[in-house]
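Working notes for the structure below.
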């Protein structure tokens, strides 16, 4: 097989100025291009998403009807217009998306105008580059599989050009075989290519869209997030995971209120947390999906120091670098730790701050519910909230002015952020230090690999109150109104009339959930094995094989050596294969004999093609012509060198398709 | 091969088939031997048309023909020629013997003494003779058809192995088929028919054919096959000795000639298989009784060797 590819004789012959694609070759090429373009077009300007399919369809029409070839005078303005269009759409040519957009348009145009073999090969190369571009934004397993399929198709279309006689299945098979040949090299380069602690260059980024929680919270922020089914992070517990009621993953803590939205306060950071961890310990490893910020979701309250992690005065846990990629952290949390027992007065006064005006009814209520001690005030407010007849809903009506009043007295419909926000407002009005904590509450343990998955739909907001002698205490007002939200998750807490629930959260789709658990395991392995293979993981691995002392340049030398060795091994294997007496012609002839053996007419080992042909003609007179032709062609190809590859291909095709029924 | 050569071959075979009835395969074998520049050994009981075949070929090809009847008192000089003293010039002049012909029929070669046999066989190999210190070339082409009675007949000197090797092919004529023999009995005498035969090809056409044989294409695989056949006779304990390299070359040359007669420009395993019994039959000797192997033994040998 390889020698057929190594002999570029055919390619060279076809490089003559004009080469008309055969239909099947063109179909392969178009399929490869279409599959290559499809994932890109989603993220491109609409005119490109329309133009590219139109150009491909045009090419398809040309292929099938042999007409409508684009005139040369039309092509150049078309290409120029496309380039200008990209410039207008993106403002520049640099960066991932503008570059890929340009390539996508050029690929479609190149295919349309392809006149000779060189054009077609350029188009194939463009396809391969665009497939490489798949991974700029998405390195997930499905994308990898899609890329693999498109690469198989693209290589297959190249094979279709080299060997027009091969059938579809053979092309696919050979394409897969070629890719398998490349696998050892891929592994070597993946494992050994030096991973650096700091990248030498960054991926040009167009927009690092912030996903998940951010450093401010307004009504609607979290309920919007709850509709997303995306994974926020995974946690792998050493030992049993905590019960659902204890799964509060602390994220950004909001202190500053402007009457409508909450913001985090400036935070001095230190390597050690401000508390002394005590009591029970929970060990776990977090794998956080990129959200381009620095906060980390952790269980209360992790011990320090942790590599690459700092702690803030309001007990947030923060990464030193933004999470631009998937990152892993190892934490030990102590849920029973008391924090902020002797909180400084300035922070406490900050936690009592309210806007001067607004929400008068809430302020009045707070004054009314104020007890003799802060504890009493707290319990009275909580009792009031429990009994006031609130409804937990994803779609509360929104109101801009005096939103707390509107929620507490008029609508009485709300999501966690409304409850938390109103509660903190009431507490502060009553003079008790309180603040909002956002994060995630809940998480599903995958029964297959025991890894807990926390999704954006688990996003939550709760409150924290400072009490003399107890420090900062977590209070979750949502739990009063919708206790099921805490124990059963979002789906349990919302009434079934809420049609907006993500499909996976609906109870009737339990089987989908099961399927998702399984998929999650695979995706997690992919993340673990491939995507989080970074500097530290590479060091660990190299340590295992005793190469950890190597600096990057020596590592590259090792990589190249191993690569060359692999190449030599493959060459040797190939040479042995080539020395194998059985070439394509022999295999075809053996197949012929096997086919006839089913009719009791196997060729004797010493029987020459002519004798065989005579015997077959006598035994199967109905097929004498076909069989005699095959025998004669074999005799000629085998015993009258040199035989052309085309003829051998044709003969093996004739033998494969031979049907003696 | 040019079409004219092709038609010459067909004409030759057709014409010869008119004379020797029902023996087309043997005629083709004899022709193959001739155009492969080999010598032919015909082994059979008397009266089966050996002489007629040789004579017919000579006439059809327009070759000078000489027949030598071998007897136990035949001397080498009777074949090669003698130097005679010429009174007028007082010198010896060489008077060429019957071997100086383009086609020599050596009838019943195994009736002569070994000395005489070897004189002929050396001439066959060298294609020249040496007499009185003079070297004289034999005519071109030079083709010997020797006939021999089966060696178990009384009063014969079997040819030694080394000399049998010089015959490219050995054929048997055997009794004709019933239909052919009936026709033979009804029609006029073969001798009269021979008298009326005219050459169908010119001498230089024959040489063209001989050249064409050498240009027949032989694939590497086929050489492997020929080697496998030679090797198996050498490894086989049933035979006293295996086939010589000369026999191997002979086998290839014969297969080339046969493929040409079959109308191909390349040699197939079938050609080799067809010629093998004729090339190997007289060269191999069984360990058990020293005789040549029978046809069945040779074809079973062929069946055992798979085509490479």
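Computed from the coordinates by the stated procedures, all read-outs in this text should not be read as laboratory data. These numbers come from a predicted model, not from an experiment. As a convention, Cβ positions derive from the backbone with ideal geometry for all residues, glycine included, and neighbour counts pool all protein chains shown.
A few points about this structure:
- Placing a label point 7 Å from the Cα of residue A:341 along the Cα-to-Cβ direction, the residues of the range A:260-280 whose backbone N falls under 14 Å from that point are A:274-279.
- Calculated FRET efficiency for the pair residue B:122/residue A:587, C-beta based, R₀ 35 Å, to 0.05: 0.10
- Average beta-carbon neighbours from other chains, 10 Å sphere, peptide A:602-612: 5
- Residue-averaged 222 nm ellipticity for the protein assembly as shown, from DSSP H runs of 4+ at -39500 (n - 2.57), nearest 500: -15000 deg cm²/dmol
- Full extension of the chain between residue A:281 and residue A:61 gives 72.4 nm of extra length, using 0.36 nm per residue less the Cα-Cα distance.
- Relative contact order (percent, whole number), chain B, Cα cutoff 8 Å, 6+ residue spacing: 22
- Alpha carbon centroid spacing (whole Å) that separates the range B:106-179 from the range A:593-622: 41
- Mean per-residue shielding of peptide B:268-279 is 3, counting Cβ atoms of other chains within 10 Å of each Cβ.
- Gyration tensor (alpha-carbon) shape descriptor, the range A:45-155, a/c threshold 1.5: oblate
- Computed E for residue A:602/residue A:38 - FRET, C-beta separation, R0 51 angstrom, nearest 0.05: 0.55
- Extended-chain gain in nm, criterion 0.36 nm per residue less alpha-carbon gap, residue A:191 and residue A:541: 125.1 nm
- Compared with the dominant Cα axis of chain A, that is its longest principal axis, helix A:117-133 is turned about 20°.
- Separation of the residue A:260 and residue A:575 label points, Cα + 7 Å toward Cβ, nm: 7.7
- At 1.567 mPa s and 4 °C, Stokes diffusion of the range B:86-228 via Kirkwood alpha-carbon radius, µm² per second: 67
- Cα gyration tensor category, rounded, prolate or oblate, for the range A:230-510 with a/c compared to 1.5: oblate
- The Cα center of the range A:247-318 and the Cα center of the range B:189-255 differ in position by 97 Å.
- Chain A, relative contact order in percent, only Cα pairs under 8 angstrom and at least six apart counted: 12
- Segments A:324-331, A:237-244 sorted - mean Cβ within 10 Å per residue, highest first: A:324-331, A:237-244
- Extension reserve of the residue B:178-residue B:6 stretch, reckoned as 0.36 nm per residue once the Cα distance is removed: 58.9 nm
- Once both labels are positioned 7 Å from their Cα atoms along Cα-to-Cβ, the gap between residue B:215 and residue B:231 label points is 3.3 nm.
- Acute angle (nearest 10 degrees) that the helix A:416-429 long axis makes with the longest principal axis of chain A, alpha-carbon atoms: 20
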